[in-house]
Each structure stands twice: as structure tokens, then as C-alpha cells.
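The values are calculated or read from the model by the stated rules, or taken from the named source; none is laboratory data. Computed from a predicted structure; not experimentally measured. Cβ placement follows ideal geometry from the backbone for every residue including glycine, while neighbour counts extend to all protein chains displayed.
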Amino acid sequence: MIQEKRLLDLFLELVQIDSESCNEKAMGERLVKECEALGLEVHTDRAGETFGSNGFNVFAKLPGTLPGEPFVMSAHMDTVKPGNGIKPFVEDGVIKSRPDTILGGDDKSGIAGILEAVRTVLENNIPHREAEIVFSIGEEGGMRGVKAFDVSQLKSRRAYVFDSSGNVGKVIVGAPGQVKVNATVIGRRAHAGLAPEEGISAIQVMAKAIAKMNLLRIDEETTCNIGTIKAEYATNIVPDRCSINAEVRSRNLDKLKAQAEHIRSCLEETCAEFGAQLECDTPTNYESYRIPDDAQILTEVLSAIDRVGAEKNVTLGGGGSDANIYNQKGIQAVVLGTGMTKVHTTEETITVENLNNTARLAFELLTH
Ligand SMILES: [Zn+2]
């Protein structure tokens, strides 16, 4: 019943609307129009203002004609770079883009699939559940749109986030949390040629501290990486400030905290050794989650996948997504595969079959 040509046309149109993170305005406006054309009640917010985006989250309500708890269907409208001027084309059932950009199937496959499912249900007067649709901004690089989304507007207690690579049928039931470590070593500035003994080199202290750290793969559920190290001085100055930005991820909250503490104590110890000061901040970027095997959200999505005829694949994820934030805010959420591949690269593709199955899965969720 899904109209495949219409779905493909919509997808191809959506990926041609530039919407790199922080520039989602045009995309948001288009999605408001799409939802209004379907007769849905649509709301927008000012989430973009919280992180320098011109965009807004789009929240639309589909009243139900079937009993059953309402649920959220969610996808994000922003893309990574290079995501401007995308020129998509279809080759042998595979949707690709010209090689100078990403495709943007992450996550417009989710958006197109959800919209086509709702359209199909409404135009055919098919009995359906009550659903709340959220199209978020700023997902890439920190889920800032959903973080700023007011979940008290939601009646739903659970959410399907259509936003994973892997064929339709994949269900992510757990993902790590992430803590950031932002640290600055403060030494003492001195002339490096005339009186170096009066200085404390922040670079030297930082280097020694980093050398003590356990980094990268910590164990099977914990990782840690320093992404930035910053200090730039003339060679005749003993540098007094050196900063790092690092992240820790773990599916286990205790290990997450322990690794962040390990980074901090390597820094503290080394600063003490040299008489340097430390400024260290370890904010939680997002929390881990794990959906129990017997959760109703999982049972329902697995039977919907059966009805689509796709292969079920229940798994744990390695990254953060809007689902981390929903779970953190008390809305039980899983992430669903839409078939996108090689996301965040210019080789990103998605098959027409997976795009169709994404819409069919949303349709099955709505109609049972
Ligand atoms: Zn995504």
C-alpha cells in the first residue's frame, strides 16, 4: 500500500534541501508544510537558539483510531558535512549521490519513511494508533535538538528512532553513554632563554600526564580518546596553558565515571609533581541505556518487522543518538535500521528496497 514512487520522489527532494547541522531552517519549514498537508497538528520550538542553529524541532500529532498507547516516531533533519548541494541519483536500485557530498539518507530515510507511512494510513482511512512525530535538529555532534526539546508535550512513554545504518529489521536496544573531559593545565610563564627555571611548562606537564593515561580501547564496553590538544606559543616562551578535550564512552555507567576519574587523576598527579594548577570539567554528554529483553516496545517492533518480512537483528549500538536523550528523559526508546550505509562519508548509499521497508515498518507500527 506504500506508494514507492511517491516515497522515492519525496526522499530525493528532501536530500536536496541543504540542512547541515545548525542550518535546518529550510528543512524544518518544508516538514511543517508536509505535516500540515497531512492535516496534522504541528508545533515548532526555539531549540535552535540554544546552540546557534537557525532551525527548530518539528512536532506533529497523529490522533489515533485504534486503541493502544501512543508512541513517538522520530528522525533527525540535520546532516553532517559535506551536505550542501547534494545531487542524488538511482543506479540499479541503489540511491547514491555525486561523490563530492554525503547522500543524507542519515536521516532523511527516516523522515521520508515516516511521512509516507502516515500519508498511506490517512489517505486510505486505515485504522491506526495515536502517534507523535518528532523531526529533530542538531542530532549530529551531540543531539542538541532533542536535548532542548520539551518532552512534557509528549503523551507517549516510548519512541522509535528511525536512525541507524543496517537493513530494516535492525533494532538497537542499548548504547553507551559519553562523558567529556575538558582540562587545562596552568603552569607558569617565563622567558625560555633568559630564565626557564622560573617557568612551569604546561605543555611538558600535559605531555607527561597523557603518557600516564590508558586510552582508546579500555575494555569491551568502554573507550576513551583525546581529540584535541591545544597550546601555541613562541619558542622563547615557557607556555603557561595547555588544554585537552577528550571523551569517554561506556555502556556501563560505573566504568564511564571511573575512566573519566582516571584521566582526571593522571592530570592532578602530574600537576602536583610540577607545581602546576589544573582546571578540569567532566560534563555528561549523554547517558547510556539498555532496553530489557521483555520490554513491550521491543516485542511490538519485532512483530512489526516480522510483518514487513525483514530479518530481525537485535543489537547494541556503539554511538549516541536521539534515543539516548529520550531514554535519559524517561521516554523508553530504541533505534531502528533504515538501511543507510557508509554514513558520514561521501560514499553513503541506501537501497530503494530499504527505503520502502522503512516506510512499511512505520506503517506496521501504526496499524497494529
Ligand atoms: Zn543519524
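Which count do you get for residues in the range 223-257 that are surrounded by fewer than 19 Cβ atoms within 10 Å (Cβ to Cβ), in contact with a Pro (Cβ under 9 Å, 6 or more places away or on another chain) and either small (Gly, Ala, Ser) or within 15 Å of Gly177 (Cα to Cα) (or both)?
Residues that pass the stated criteria total 3.
Given Val171, Val151, which one is touching a residue at least 24 places away in the same chain (Cβ under 8 Å), in the same structural domain as Gly28 (by TED's automatic domain parsing) and surrounded by fewer than 19 Cβ atoms within 10 Å (Cβ to Cβ)?
Just one listed residue meets the conditions, Val151.
Yes/no per residue for (1) away from the ligand (no atom under 16 Å from the Cβ); (2) not in a helix (DSSP H, G or I):
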position	(1), (2)
Ser265	yes, no
Ser303	yes, no
Arg307	yes, no
Glu311	yes, yes
Gly330	yes, yes
Thr338	no, yes
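May I ask you to verify whether Thr282 is over 23 Å from Arg249 (Cα atoms), surrounded by fewer than 22 Cβ atoms within 10 Å (Cβ to Cβ) and under 24 Å from the mean Cα position of the chain (by Cα)? Talk me through it step by step, then tell me what you get.
Numbers: over 23 Å from Arg249 (Cα atoms): no; surrounded by fewer than 22 Cβ atoms within 10 Å (Cβ to Cβ): yes; under 24 Å from the mean Cα position of the chain (by Cα): yes.
No: the conditions fail for Thr282.
Could you list, in sequence order, the residues of the range 54-92 that are among the polar types (S, T, N, Q) and either surrounded by fewer than 24 Cβ atoms within 10 Å (Cβ to Cβ) or in a strand (DSSP E or B) (or both)? Reasoning before the result, please.
Taking the range 54-92 as the starting set, the residues that turn out to be among the polar types (S, T, N, Q) are 54, 57, 65, 74, 79, 84.
Once the filter is applied, which keeps residues that are among the polar types (S, T, N, Q) and either surrounded by fewer than 24 Cβ atoms within 10 Å (Cβ to Cβ) or in a strand (DSSP E or B) (or both), the range 54-92 yields Asn54, Thr65, Ser74, Thr79, Asn84.
Working carefully through the options Ser265, Ser288, find the one that is among the polar types (S, T, N, Q) and in contact with a Leu (Cβ under 8 Å, 6 or more places away or on another chain). Break it down into steps so the answer makes sense when it comes.
On the way: Ser265 fails: in contact with a Leu (Cβ under 8 Å, 6 or more places away or on another chain).
Checking each option against the conditions leaves just Ser288.
Just checking, which of Glu123, Glu197, Glu140, Glu130 is modelled with pLDDT of 95 or more and either surrounded by 19 or more Cβ atoms within 10 Å (Cβ to Cβ) or within 16 Å of the ligand (Cβ to nearest atom) (or both)?
On the way: Glu123 fails: either surrounded by 19 or more Cβ atoms within 10 Å (Cβ to Cβ) or within 16 Å of the ligand (Cβ to nearest atom) (or both); Glu197 fails: either surrounded by 19 or more Cβ atoms within 10 Å (Cβ to Cβ) or within 16 Å of the ligand (Cβ to nearest atom) (or both); Glu130 fails: either surrounded by 19 or more Cβ atoms within 10 Å (Cβ to Cβ) or within 16 Å of the ligand (Cβ to nearest atom) (or both).
Going through Glu123, Glu197, Glu140, Glu130 in turn, the sole match is Glu140.
Would you check if there is a residue in the range 96-109 being in a loop (DSSP other than H, G, I, E, B), buried (at least 19 other Cβ atoms within 10 Å of the Cβ), in the same structural domain as Ala310 (by TED's automatic domain parsing) and among the β-branched types (Val, Ile, Thr)?
Filtering the range 96-109 for residues in a loop (DSSP other than H, G, I, E, B) gives 98-104.
Subset that is buried (at least 19 other Cβ atoms within 10 Å of the Cβ): 101-104.
Next cut, in the same structural domain as Ala310 (by TED's automatic domain parsing) only: 101-104.
Narrowing the set further to residues that are among the β-branched types (Val, Ile, Thr) leaves 101-102.
Yes, the range 96-109 contains a residue that is in a loop (DSSP other than H, G, I, E, B), buried (at least 19 other Cβ atoms within 10 Å of the Cβ), in the same structural domain as Ala310 (by TED's automatic domain parsing) and among the β-branched types (Val, Ile, Thr).
Anything in the range 236-249 that is in contact with a Gly (Cβ under 9 Å, 6 or more places away or on another chain), within 25 Å of Glu198 (Cβ to Cβ) and among the polar types (S, T, N, Q)? List them, or say none.
Correct list: Asn236 only.
Identify, please: which residue in the range 102-120 is β-branched (Val, Ile, Thr) and within 16 Å of the ligand (Cβ to nearest atom) and is, among those, farthest from Glu41 (Cα to Cα)? Explain how you work it out, then say what you get.
Start the filter on the range 102-120 by keeping residues that are β-branched (Val, Ile, Thr), which leaves 102, 111, 114, 118, 120.
Still in the list and also within 16 Å of the ligand (Cβ to nearest atom): 102, 111, 114.
On the way: Ile102: 32, Ile111: 17, Ile114: 16 Å.
Among those residues, the one meeting the criterion is Ile102.
Can you report the number of residues in the range 200-222 which are among the acidic types (Asp, Glu) and crowded, with 18+ Cβ neighbours inside 10 Å? Lay out the reasoning, then the answer.
Restricting attention to the range 200-222, the residues satisfying the condition of being among the acidic types (Asp, Glu) are 219-221.
Restricting the remaining residues to those that are crowded, with 18+ Cβ neighbours inside 10 Å gives none.
So the answer is 0.
Residues of the range 151-203 being acidic (Asp, Glu) and out of contact with any Asp or Glu (no Cβ under 7 Å at 6 or more places or on another chain), which ones?
Listed by number, the residues that qualify are Glu197, Glu198.
Checking the conditions here, which among Ile291, Ile325 is within 30 Å of Leu365 (Cα to Cα) and within 16 Å of the ligand (Cβ to nearest atom)?
On the way: Ile291 fails: within 16 Å of the ligand (Cβ to nearest atom).
Going through Ile291, Ile325 in turn, just one is within 30 Å of Leu365 (Cα to Cα) and within 16 Å of the ligand (Cβ to nearest atom): Ile325.
What about Lys61, is it more than 16 Å from the ligand (Cβ to nearest atom), in contact with a strand residue (DSSP E or B) (Cβ under 6 Å, 6 or more places away or on another chain) and touching a residue at least 40 places away in the same chain (Cβ under 8 Å)?
On the way: more than 16 Å from the ligand (Cβ to nearest atom): yes; in contact with a strand residue (DSSP E or B) (Cβ under 6 Å, 6 or more places away or on another chain): yes; touching a residue at least 40 places away in the same chain (Cβ under 8 Å): yes.
It is true that Lys61 is more than 16 Å from the ligand (Cβ to nearest atom), in contact with a strand residue (DSSP E or B) (Cβ under 6 Å, 6 or more places away or on another chain) and touching a residue at least 40 places away in the same chain (Cβ under 8 Å).
I need the full set of residues from the range 2-34 which are assigned to a helix (DSSP H, G or I), β-branched (Val, Ile, Thr) and closer than 14 Å to Asp107 by Cα, in order please. So that I can check it myself, show each step before the final result.
Taking the range 2-34 first, the residues assigned to a helix (DSSP H, G or I) are 4-15, 25-34.
Subset that is β-branched (Val, Ile, Thr): 15, 32.
Of everything in the range 2-34, just one residue is assigned to a helix (DSSP H, G or I), β-branched (Val, Ile, Thr) and closer than 14 Å to Asp107 by Cα, namely Val15.
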